[in-house]
Structure formats: structure tokens, C-alpha cells
Amino acid sequence: MNIMAFFGRRDDSASVAKNRLKILLEHERGGNSSSDAKLISSLREDILAVVARHINIDPDAVHLEMDRTGDTTTLGIDIELPDTDIRKSA
Amino acid sequence: MSNATVIVVTSGKGGVGKTTSTAAIASALAKQGYKVCAVDFDVGLRNLDLIMGAERRVVFDLVNVVRGEASIKQALVRDKKLDNLYLLPASQTRDKDALTDEGVASVINELRMYFDWIVCDSPAGIERGATLAMRYADEAIIVSNPEVSSVRDCDRIIGLLDSKTVVAEDGGRMPKHLLITRYDVERAKLGDMLAVDDVVDILSVPLIGVVPESRDVLKASNVGLPVTLSDEASPAAKAYIEATQRLLGEDIPVTIPSEKKGLLGKLFRGRAA
């Protein structure tokens, strides 16, 4: 018997399972996944347009990710820039 | 109007114990003296007949009745031990689309005239068979194993109970009861298994019982007896009998009957959602 079990502590796979389920179900219950997808798609287009005014970028190089966890929602924006010729000639 | 109660035993995921639970609870209700009918909705893959030991006496089935090829009374199979317990078997040969909404509605309405309790064994999945099994229910028993995929699927089923049933469409809220099966107290204590409180917390459904993992369940199915009839002293049978008492409205704390003689598991208070 390990010491964790002896003290009856639950620092273990069951709590991982519980946390994963809570996050997942919060997302699945929301029922707003399709509106999220629309929002992300239009945000992506606008961000791409703004960045493209200044920098030559591949349209596929803009990645957006929305993450809902508990009470907070975060928006992650990841833009891959080309190695050379960063600035657009005026 | 009849005073019958229609219960659906459902889970989303397969193999969690819906049929075992249907047979055990229907038998426990019948033992209390109620007139009970267990209905198998798993068209194409019926098994409630086998678990209840009635497989050799099936003549007509639910699909025959829905299609008007047999009367309900012709299709009902009386239990070999309890004469107030009946089974309405599913068809083994047709596909799940053989059931129609109107057909099921009329079968359930007629059963309400003859029985106090109608216990519907839902097929796995979220398709026609499962939605029809829950459609005309008054209450639902949601069966979950303490395991991630089972809990997730139960959450989907709760969503369907709150949207696709007649109770929900009429603006009501279907009363739901959570039944946790195949529970292992020791593994939960070690943190290897989701604990009762975790599952109740995630699903927010009041707990009606916790059935421990027990070898008696397999033994009972081997001989075609619901576990509540094969061995009343078995921990699983005790758990089902207590769950049935709660279904009948008795306010008793949820215990987890243990394999060890005379020892009761940790006490859990049934938490209301």
C-alpha cells in the first residue's frame, strides 16, 4: 500500500478524469459551438486583413483558438510570419 | 386516468447495466406487490428476455403489437416466479426503424391501463430506439459506470430527456434518478475510479443508488433470474432493492452494500440537483 492510499488522499487518475469531464461537458452543454465557429471565422478574416495590410503573410498562417474553461474564455491568436521580406513595400 | 408510472432506464453507452438494472428494479417493484411490466425497446438485439429467464416463452413481441399483428395481451410474457411481473419483449429479427412514434404511444397508453409500473429498457445510443424508449416516460433512471465515457454519454442522454420527451415538450421537467453501477469502493478510495460524489457532482442528478461490482450479477444472468430474485442477500441485490425503495418515495440514505458480510459501505447522502 502506498502512502497516498494510506492517508486516503486522492491525488490520482480519478481527479484527472473528473477535471477532464468537467471541462468537456461544459463545452458540450454550451450548445454554442456553432456560433463560436462563426465568430472565430469572421475574427480570423478581419485579423488577416489588418495584418496583410502591413506584412506579406500566407492566409493559412493565421490560427485562432477559443477556449472556454470555467468562467473564463480565452482567445488565442497565432500568426506565422515569413522569414524574409516582412515589410510590405509602401 | 390511470396511476401508472412509466420509467425509462437509459444511459447512452452500451454495456453499463441497463438491462440488468431494468430486470432487477422491475422484479423488486413486483415483489412489493405492484403490477409491473418490463418493456424491451432494444429491437434487433433483445436481451431482457434472457436476463429474466423468459427467452423460451416469447411468442409475439413489441413490433408485432405496434404493427397490429398481435394484441398486447398475446405478447406479454408472465414471469416464472412472480405472477404480477410481465415482460413485453423486443423483436429479434426486425430493425430499429420498425417502431413508430404513434405505435409506441398507443402501446404505452394501453400498458398504463393494466400496470402500476412500466419499466422501459432503452437500447444504447441516441437513435430512434433510444428516443422512443424515453419519449413517453414519466421518470428516468440514468445508469452510469464510474468511468469517463459512460458519464459523458449520460450527459448527452440528460439533454435528450430535457428536450425530446413528451414531458419536456409540454414544458415540464422529467424527474431523473442517477444509478451508478459496477462501483468499486476500494478503487474509488485509492483514486483509481471516479467516486460517487464526483459522478453526482458532474451530472447534477439526484442519486438513487450505487450498485457495487459484484460477481452475483453474472451468476444471476447465467441462470436467467434478475439479481434481486436470485440472491436477495447479494450486495448488488441489496443496492437494487434500496434503489427501488427510493423510487417508491422512501427517504433512506444511499449506502453501498459491501461484499463483506454484515458490513455496509461508506454512507452517502443522496444529493438533490
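The values are calculated or read from the model by the stated rules, or taken from the named source; none is laboratory data. Computed from a prediction, not measured in an experiment: that's the story for all the values here. Don't worry about glycine lacking a Cβ; one is built from the backbone with ideal geometry, like all the others, and counts go over all protein chains shown. Heavy atoms of the whole protein, side chains included, go into the accessibility calculation; ligands, DNA and RNA do not. Shrake-Rupley method; radii C 1.70, N 1.55, O 1.52, S 1.80 Å.
Among the residues making up the range B:204-234, those that are in a helix (DSSP H, G or I) and open to solvent by 10 Å² or more (accessible area, probe 1.4 Å) are B:ARG215, B:ASP216, B:VAL217, B:LEU218, B:LYS219, B:SER221, B:ASN222, B:VAL223, B:LEU229, B:SER230. Restricted to the range B:1-77, the set of helices (runs of 4 or more DSSP H) holding at least 3 residues that are open to solvent by less than 40 Å² (accessible area, probe 1.4 Å) and without any contact (Cβ under 8 Å) to a residue 60 or more places away in the chain comprises B:62-66. Scanning the range B:160-193 for residues that are within 12 Å of chain A (Cβ to nearest Cβ), open to solvent by 80 Å² or more (accessible area, probe 1.4 Å) and in contact with a strand residue (DSSP E or B) (Cβ under 9 Å, 6 or more places away or on another chain) returns a single hit, B:LYS189.
Would you be able to tell me the number of residues in the range B:140-152 that are open to solvent by 40 Å² or more (accessible area, probe 1.4 Å) and of a type outside the set (A, V, I, L, M)?
Here is the first cut: in the range B:140-152, the residues open to solvent by 40 Å² or more (accessible area, probe 1.4 Å) are B:147-149, B:152.
From the residues that got through so far, the ones that are of a type outside the set (A, V, I, L, M) too are B:147, B:149, B:152.
Here the count works out to 3.
Regarding B:TYR114, is this residue in contact (Cβ under 8 Å) with a residue 40 or more places away in the chain and in contact with a Pro (Cβ under 6 Å, 6 or more places away or on another chain)? Here the answer is no, as B:TYR114 does not meet what is asked.
Candidates in the range A:1-41 are the residues that are at pLDDT below 80 and polar (S, T, N, Q); of these, the one that is farthest from B:ARG156 (Cα to Cα) is A:ASN2. Counting the residues of the range B:175-211 that are within 16 Å of A:SER13 (Cβ to Cβ), touching a residue at least 12 places away in the same chain (Cβ under 8 Å) and of a type in the set (Gly, Ala, Ser) gives 2. Checking every residue in the range B:63-75 against the condition of being within 18 Å of the chain's Cα centre (by Cα) and more than 14 Å from every other protein chain (Cβ to nearest Cβ) gives zero matches. A single member of B:ASP155, B:ASP116, B:ASP121 is touching a strand residue (DSSP E or B) at 6+ places or on another chain (Cβ under 8 Å), of a type in the set (D, E, K, R) and open to solvent by less than 40 Å² (accessible area, probe 1.4 Å), and it is B:ASP121. Put simply, of B:GLU110, B:GLU55 the only residue that is touching a helix residue (DSSP H, G or I) at 6+ places or on another chain (Cβ under 6 Å) and farther than 29 Å from B:GLY209 by Cα is B:GLU110. Scanning the range B:131-164 for residues that are assigned to a loop (DSSP other than H, G, I, E, B), over 15 Å from B:LYS13 (Cα atoms) and under 17 Å from the mean Cα position of the chain (by Cα) gives B:TYR136, B:ALA137, B:ASP138.
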